[in-house]
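Enquirer: One structure follows; several queries about it will come next.
No value in this document is a laboratory result; all are computed from the given coordinates. No experiment lies behind these values; they were computed from the predicted model shown. So basically every Cβ, Gly included, is an ideal-geometry build from the backbone, and we count neighbours across all protein chains shown.
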Amino acid sequence: MNSSITDKLVTLASETKNISALWLYGSRAKGNHRPDSDYDLAVLFTDWVEDPLDRRLRPELLAMNWSKKLGLTEDKLSIVDIQNAPIPLAMNTISGKLLYCGDDDARLSAEGIIMSKAELDYQYHLKHFGF
């Protein structure tokens with residue numbers, strides 16, 4: 001993991017007023033990345049955007065903004081909104097590295113919701129499909 005980039009990501013997250021938490025996941029979080037690997041990030045926003053299109057675009061626009069500030073090409077930074085991520089991706093994310101947390105209560109609540117959804121999903125598949 002490039003500590004210079006991750007340090008800058010922490011700074012950017014702390015300077016962005018609507019971010020409660022930032023996780024790094026994937027190969028860079030696991031330490032098995034290649035030099036050309038991208039940075040996979042998940043954010044927990046402080047607010048909920050009602051419009052589905054705006055909600056979908058928000059992490060992508062943030063990735064474009066941060067890529068520019070970090071001097072990275074846009075394909076080197078991927079950001080997902082953890083509240084809109086599919087359950088397996090959200091579970092993978094919270095198993096990664098927490099880089100920044102500005103609100104422990106919001107983070108713990110979001111992580112609890114994700115784990116509850118994963119458990120419900122597991123129970124549903126166990127009941128209906130036997131696995």
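Enquirer: Expressed as a rounded percentage, what relative contact order does the chain have, with Cα pairs under 8 Å and six or more residues apart?
Expert: 31
Enquirer: Mind ordering 113-126, 84-97 by average Cβ neighbours within 10 Å, highest first?
Expert: Numbers: 113-126: 12.4, 84-97: 16.6.
With the highest mean Cβ count within 10 Å placed first, the list reads 84-97, 113-126.
Enquirer: For the chain, report the convex hull volume of the alpha-carbon atoms normalised per residue, in Å³, without decimals.
Expert: It is 122 Å³ per residue.
Enquirer: On to the next question. With a 10 Å cut-off between alpha carbons and a GNM built on the chain, which of ASP54, ASP36, ASP75 moves the most?
Expert: ASP36
Enquirer: Now, a different point. Could you give the alpha-carbon Rg of the stretch 61-129 over 2.2 N^0.38 Å, rounded to two decimals?
Expert: Working: Rg = 15.3 Å, N = 69, 2.2 N^0.38 = 11.0 Å.
It is 1.39.
Enquirer: Could you work out [θ]222 nm for the chain from helices alone, using -39500 (n - 2.57) per DSSP H run of at least four and dividing by all its residues? Round to the nearest 500 deg cm²/dmol.
Expert: So the helix-based figure for the chain works out to -17000 deg cm²/dmol.
Enquirer: Here is a further query. When you count, for each residue, the other Cβ atoms within 10 Å and take the mean per peptide, how do 67-74, 39-46 rank with the highest first?
Expert: Values: 67-74: 13.4, 39-46: 23.0.
Top of the packing list down: 39-46, 67-74.
Enquirer: If you take every residue apart from SER78 with its C-beta less than 11 Å away from the C-beta of SER78, what net charge results, scoring Lys and Arg +1 and Asp and Glu -1? Walk me through the numbers on the way to the answer.
Expert: Working: positive: ARG28, LYS76; negative: ASP38, ASP40, GLU60, GLU74, ASP75.
Neighbourhood net charge equals -3.
Enquirer: Now, a different point. By the gyration tensor of its Cα atoms, with a ≥ b ≥ c the square roots of the eigenvalues, what is the shape of the stretch 30-103: rounded for a/c under 1.5, prolate for a/b over b/c, or oblate?
Expert: Oblate.
Enquirer: Further question on the same structure: Distance from the Cα centre of the stretch 84-131 to that of the stretch 11-46, in angstrom?
Expert: After rounding, the separation between the Cα centres reads 17 Å.
Enquirer: To continue, here is another question. Take the Cα atoms of the stretch 85-125, build their convex hull, and give its volume per residue in Å³.
Expert: Enclosed volume per residue, from the Cα hull, is 61 Å³.
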